[in-house]
1. Placing +1 at every Lys and Arg Cβ and -1 at every Asp and Glu Cβ, with all other atoms neutral, what dipole size does segment 1-81 have around its Cα centre, in debye to the nearest 20?
2. So what J values fall out for segment 80-93 if you push phi through Karplus, 6.51 cos²θ - 1.76 cosθ + 1.60 with θ = phi - 60°, rounded to Hz, Gly and Pro as x?
3. As I understand it, the dipole of the chain uses +1 on the Cβ of Lys and Arg and -1 on the Cβ of Asp and Glu, about the Cα centre. Which of TYR181, ALA59, TYR17 lies farthest toward its positive end?
4. For segment 54-154, which chymotrypsin sites (Phe, Trp or Tyr not before Pro) pass both filters: DSSP loop (anything but H, G, I, E, B) and at most 13 other C-beta atoms within 10 Å?
5. Answer rounded, prolate or oblate for segment 1-64, using the Cα gyration tensor with square roots of eigenvalues a ≥ b ≥ c: rounded when a/c is under 1.5, else prolate when a/b is larger than b/c, else oblate.
6. Charges only on Cβ, +1 for Lys and Arg, -1 for Asp and Glu: so what's the dipole of segment 76-184 about the Cα centre, in debye to the nearest 20?
7. Would you calculate, for the chain, the mean residue ellipticity at 222 nm contributed by helices, counting each DSSP H stretch of 4 or more residues as -39,500 (n - 2.57) and dividing by all residues, to the nearest 500?
8. Give, in nm to one decimal, the length gained when the segment between ALA172 and THR7 is fully stretched (0.36 nm per residue of separation minus the Cα-Cα distance).
Amino acid sequence: METLANTISVGEKPEGYEGAGFFATRLDKVVGLARKNSIWPLPFATSCCGIEFMATMGAHYDLARFGSERLSFSPRQADLLMVMGTIAKKMGPVLKQVYEQMAEPRWVLSVGACASSGGIFDTYSVLQGIDRIIPVDVYVPGCPPRPEQIIDGVMKIQHLVETESLRRRDSAEYKALLNKYGIE
Ligand code: SF4
């Protein structure tokens, strides 16, 4: 009979050396493992894609399984900015300010066609993709994307988080990327 105890799986340990009473590995692998399984998302939801996100947080899809049940409505305590919905040009500066208030390391997930490209709203008032104002790490396609797709996007972010070099945020390439967006 299947019990709760035998449905729980433990995350894989990183590569390393082990012997009687010790295990040694690289610092970045341990940091990556911890960060990957404790991402705190900030949901920036403006329209219908936000409803799909609500389903993603519900008991059936349960983003808590990925260690991300703790949503942050303060950018200062968030690692992952999830942008879901149509972003009007007037809202662009607010979104950028939220991004700038997040501490490094921070990641951005663009959920749905509107956030990624303006979607069906090819009009003068709608931003044609949030990557015009902030850098994006992963795009989730769809109008709307299903919760499974949002989870897939979060898992792709988890992969980036786990494998990112500890020095990437200090690199000249990363600074050049931010400078392109006018961010210090
Ligand atoms: S991509 Fe589609 S579902 Fe998502 S906010 Fe835009 S119109 Fe709504």
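We did not get these values from a lab; they are worked out from the coordinates using the rules stated. Computed from a predicted structure; not experimentally measured. Using ideal geometry, Cβ is built from the backbone for each residue, glycine included, and neighbour counts are taken over all protein chains shown.
1. About 280 debye.
2. 10, 8, 9, 9, 9, x, 6, 10, 6, 4, 5, 7, x, x
3. Positive-end residue among those listed: TYR181.
4. Counting only loop positions with at most 13 other Cβ atoms within 10 Å, the chymotrypsin sites (Phe, Trp or Tyr not before Pro) in segment 54-154 are PHE73, TYR124.
5. Cα axes put segment 1-64 in the oblate bin.
6. 300 debye
7. The helix contribution divided over the chain gives -10000 deg cm²/dmol.
8. Separation in residues times 0.36 nm, less the Cα-Cα distance, equals 54.9 nm.
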